1. Among the residues of region 38-95, write down those that are among the β-branched types (Val, Ile, Thr) and part of a loop (DSSP other than H, G, I, E, B).
2. Of all the residues that make up region 57-104, how many are surrounded by 11 or more Cβ atoms within 10 Å (Cβ to Cβ), at pLDDT below 85 and over 23 Å from the mean Cα position of the chain (by Cα)?
3. Inside region 60-70, can you point out the residues that are out of contact with any Asp or Glu (no Cβ under 6 Å at 6 or more places or on another chain) and under 18 Å from GLU97 (Cα atoms)?
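The values are calculated or read from the model by the stated rules, or taken from the named source; none is laboratory data. Remember, it's a predicted structure, so these values are computed and weren't measured experimentally. Glycine gets a Cβ as well: all are built from the backbone with ideal geometry, and neighbour counts include every protein chain shown.
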Amino acid sequence: MNKIKTLQAVLLITIYALAVSCSPGREYFYDRHPSSNVSVSLIISAHPGFVISRYPDGRFYYRSPEGYIYWRGWDNRYYIDRTYIRKIHYDKREYREWRNGGRRFYGRRYY
């Protein structure tokens with residue numbers, strides 16, 4: 001009987017030691033998408049002090065202080081370049097409007 005209790009105790013201590021040794025001794029923080037927490041407007045309107053530049057192909061653009069490029073749309077608002085979409089945080093409504101270029105969608109026609 002004494003042998004069984006000793007065997008159980010040894011087995012329990014072995015399982016505990018194995019479980020403790022498998023866990024990391026220090027907490028690590030992994031940030032896979034470091035810039036996904038950045039919240040930037042997908043669409044902006046011109047305001048005083050807004051410096052507009054012209055691209056060689058004739059399109060107008062604005063470079064924000066953070067370094068993001070916005071292209072002028074047909075409604076004279078500026079839409080963020082699509083290369084930044086995966087790097088920033090936005091909501092569905094704003095993305096839908098950005099994707100449609102500010103045009104309203106009614107059935108099969110844009111207005």
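1. Scanning region 38-95 gives VAL38, VAL40, VAL51, ILE52, ILE88.
2. 1
3. TYR70
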